[in-house]
């Protein structure tokens, strides 16, 4: 009965998170085009530059937020309410101190860098500085909000998370309107409005948490017995986050050194596709992860392992459902989304979307280490592979290799991480068995191989069959999704899961036997 309840909770939370994600993505695609049009290319780039200076300083927050979420979820799972309260107040104190540290650094070294190192036209310096200061304030509000967001996820109130996220994107739609009618400097006004939206969202989360979760009523606390574990965990995570920053930002730097700005733009577009694809799957993982941690916290190791392995397969199926149609219709998709498609964009997107399939295993198996609270080995090995990749690619570029060798290198790196490194780590650290992991790989491979046959045959002859690109786009997309769905149903689901799916559908549709 407990497992049935767990599955229902994950399913319900996944639905909430997917509603949130789809709405947010649709609005984001629209607002990005409008903001670019209203601000203009120069001011939009200027905002990204000054905001990027602050973002570079807040990488510590990414590492700390993972530790905060893990330890709050774990203590909630153990049922030790007193320790949960002390954990929340202690991590909240650390977030306040981190916010203060970033303000000091940003208003000294960061401000100097903006004034003297960034290329800013003299007549836009004042507006740029206003945008910079508002970016700092926005970042501070985000940092001190992390423990409240983590509490909502730990309590698995994904409906609240979804509703507030929808409010967030609606407010950002309002920004588009206000920018068009406002008579202020667009750059400064845009930064101010983003800060106002972040403040509003933070207040909603905070009020909800304080009213619903008594442990979130903050009292200054510095419990070193708790913080030692949180900071140690976050410290190891810091190295991994640095490597991820290198993957996203270092890639653009490498390309900028050897190729044109259009090539950099092509890579940037593929990164947006990667982010959207990861968000598509992470919405499901966000719903499943708290249960994996909580089961381990109460000593149900078998249940935790079973849930992780099953959720890994479903994460792969979801990614395949997205990856196959994008791979086949990427050219048409890009021409619909963008007015002008830079060279190499199509191949970058295709290589990125295949890489996403390997990243599923890397991310999913990491959850076992995250739940165990043992990420030291992963923090030393996984980022090192990504670090090694970049000098290799640098040499290849010096030898005249094409820009796509970076994408091929990232695909190889994540294949090694997802198929070899992470399985070895969870076997050693979290007591998983090779037999169970290989079972996941075999099921995913069977589904993938069968799913691609019909769509790829259709793609091969699509130019002869369809004169209209829109029709080709729709047919290939539909056939790809249908093929993945059928393959998952017959090869990816056990008879028990098919019975559960039938039972769920009948219950929702009020059908009778």
Every residue from the stretch 267-314 that is closer than 30 Å to residue 344 by Cβ and without any contact (Cβ under 8 Å) to a residue 60 or more places away in the chain: 268, 272, 275
Residue ID - surrounded by the most Cβ atoms within 10 Å (Cβ to Cβ), chosen from residues in the stretch 425-466 that are modelled with pLDDT under 85 and farther than 23 Å from residue 483 by Cβ: 430
Matching entry among 437, 453, 426 (being over 30 Å from residue 307 (Cβ atoms) and in contact with a helix residue (DSSP H, G or I) (Cβ under 9 Å, 6 or more places away or on another chain)): 453
Out of 454, 442, 484, 449, sole residue that is assigned to a helix (DSSP H, G or I) and over 29 Å from the mean Cα position of the chain (by Cα): 454
Residue in the stretch 198-219 that is crowded, with 18+ Cβ neighbours inside 10 Å and over 30 Å from residue 86 (Cα atoms) present: no
Single unsatisfied condition, residue 184 versus (1) assigned to a helix (DSSP H, G or I); (2) more than 25 Å from residue 100 (Cα to Cα); (3) without any contact (Cβ under 8 Å) to a residue 40 or more places away in the chain: (1)
Answer from 379, 368, 413 - the residue that is without any contact (Cβ under 8 Å) to a residue 40 or more places away in the chain and surrounded by 19 or more Cβ atoms within 10 Å (Cβ to Cβ): 413
Filtered residues of the stretch 315-340 (kept if more than 30 Å from residue 494 (Cβ to Cβ) and touching a residue at least 60 places away in the same chain (Cβ under 8 Å)): 329, 332, 333, 334, 335, 336, 337, 338
Subset of the stretch 90-103 [crowded, with 17+ Cβ neighbours inside 10 Å and touching a helix residue (DSSP H, G or I) at 6+ places or on another chain (Cβ under 8 Å)]: 90, 91, 92, 94, 95, 98, 99, 102, 103
Whichever residue in the stretch 425-439 is free of Cβ contacts under 8 Å to residues at least 24 places away in the same chain and in a helix (DSSP H, G or I) and, among such residues, is nearest to residue 354 (Cα to Cα): 438
Of the criteria (1) crowded, with 20+ Cβ neighbours inside 10 Å; (2) free of Cβ contacts under 8 Å to residues at least 60 places away in the same chain, which one residue 422 fails: (2)
Failed criterion for residue 400 (all others in (1) in contact (Cβ under 8 Å) with a residue 24 or more places away in the chain; (2) more than 19 Å from residue 322 (Cα to Cα) hold): (1)
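The values are calculated or read from the model by the stated rules, or taken from the named source; none is laboratory data. Everything numeric in this text was worked out from a predicted model, so none of it was measured. Every residue, glycine as well, gets a Cβ built from its backbone with ideal geometry; the counts of neighbours run over all protein chains shown.
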